[in-house]
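Undergrad: Structure below; questions to follow.
The values are calculated or read from the model by the stated rules, or taken from the named source; none is laboratory data. Nothing here was measured: the structure is a model prediction, and the numbers come from that model. Glycine gets a Cβ as well: all are built from the backbone with ideal geometry, and neighbour counts include every protein chain shown.
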């Protein structure tokens, strides 16, 4: 809203108050047709957010993960491409911690739903509903879906000293040493956590979870031998696999990845029916005007059609997945239900 718009809005409010007081003094307790017409005329000058005027300043994209990880990488690719599409720069604001809850709450609690503050959310947005004893926000009621960004498979990686080179060998070792192997994750509720919890249920094994603040520190400890394995998002793990610091032997998706086609899926390698893929989507604060949400969705989907963006995402094993705001909202509700069942089946402890 410009200075002129603000003055117009204040003037309109003054007119409304004056008319109302006059009728109240005269004993008119209910506004009649004339008063209604006057109110509409006065309020007509108050500007509303429109797709034509939005955006008129830079936007902020809150990435609830630390710099250098998969979420940060995707956020920066998206911010650049979407900013060029929408005509304003988009600044990435990293707010890591609590499995994505810190960044998500910032946007969920935003008091100005004008579309200038956005969230790049991930799988944890849905899983934390069941994992957290008391979530400080409701992802369905307190966030406005804008659109899906991408779906990314995880990759099973272990420290080279662990004597396993396949999913079958991992299952056999875990069953022989219940509760003695440990896996790291980027935090409670993140894809690197959920992928293994789903694996534990499907394979019937007991592996201890060690949550980290983000994926980077977890990967460092995995390479240092402090933990034995991870089912990490592909973009974060592949550089270390190629450098020979980690051993990879399966992908979590339903089909093999074109990035590492030599690796079998977890399902074909010994755990039938297993399938997992992390996802990322863009959300705004609650109450964002529908036309602004539509403008943001159009810019997001156009960015995902960009050949350079698609190539950069493909190199990371990410599959662009454009949707409408309504489709993302429906997807989120389905994910919440799915992870509630996994948390119950795995008897996962609730987190504070």
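Undergrad: Would you pick out the residues in the stretch 220-262 that are farther than 14 Å from residue 191 by Cβ and in a helix (DSSP H, G or I)? Talk me through it step by step, then tell me what you get.
TA: First, pick out the residues of the stretch 220-262 that are farther than 14 Å from residue 191 by Cβ: 220-229, 238-250, 254-262.
Listed by number, the residues that qualify are 220, 221, 222, 223, 224, 238, 239, 240, 241, 242.
Undergrad: In the stretch 275-287, is there at least one residue being over 28 Å from residue 327 (Cα atoms) and either in contact (Cβ under 8 Å) with a residue 24 or more places away in the chain or surrounded by 17 or more Cβ atoms within 10 Å (Cβ to Cβ) (or both)?
TA: no
Undergrad: If you don't mind, there's one more thing I want to ask. So residue 184 fits all but one of (1) under 22 Å from residue 132 (Cβ atoms); (2) surrounded by fewer than 20 Cβ atoms within 10 Å (Cβ to Cβ); what number is the exception?
TA: All conditions pass for residue 184, except number (2).
Undergrad: Now for a separate question. Which residue out of 170, 125 is crowded, with 24+ Cβ neighbours inside 10 Å, outside any strand (DSSP E or B) and in the same structural domain as residue 244 (by TED's automatic domain parsing)?
TA: The match here is 170.
Undergrad: Another one. Scan the stretch 309-331 for residues that are in a helix (DSSP H, G or I) and in contact with a helix residue (DSSP H, G or I) (Cβ under 6 Å, 6 or more places away or on another chain) and jot them down.
TA: Answer for the stretch 309-331, where residues must be in a helix (DSSP H, G or I) and in contact with a helix residue (DSSP H, G or I) (Cβ under 6 Å, 6 or more places away or on another chain): 309, 312, 325.
Per-residue answers, yes or no, for (1) without any contact (Cβ under 8 Å) to a residue 12 or more places away in the chain; (2) buried (at least 18 other Cβ atoms within 10 Å of the Cβ); (3) within 20 Å of residue 154 (Cβ to Cβ):
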{"position": "204", "(1), (2), (3)": "no, no, yes"}
{"position": "232", "(1), (2), (3)": "no, yes, yes"}
{"position": "248", "(1), (2), (3)": "no, yes, yes"}
{"position": "255", "(1), (2), (3)": "yes, no, yes"}
{"position": "292", "(1), (2), (3)": "no, yes, no"}
{"position": "314", "(1), (2), (3)": "no, no, yes"}
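Undergrad: Please tell me if residue 300 is in contact with a strand residue (DSSP E or B) (Cβ under 6 Å, 6 or more places away or on another chain), at pLDDT 95 or above and assigned by TED's automatic domain parsing to the domain that holds residue 119.
TA: The answer is yes for residue 300.
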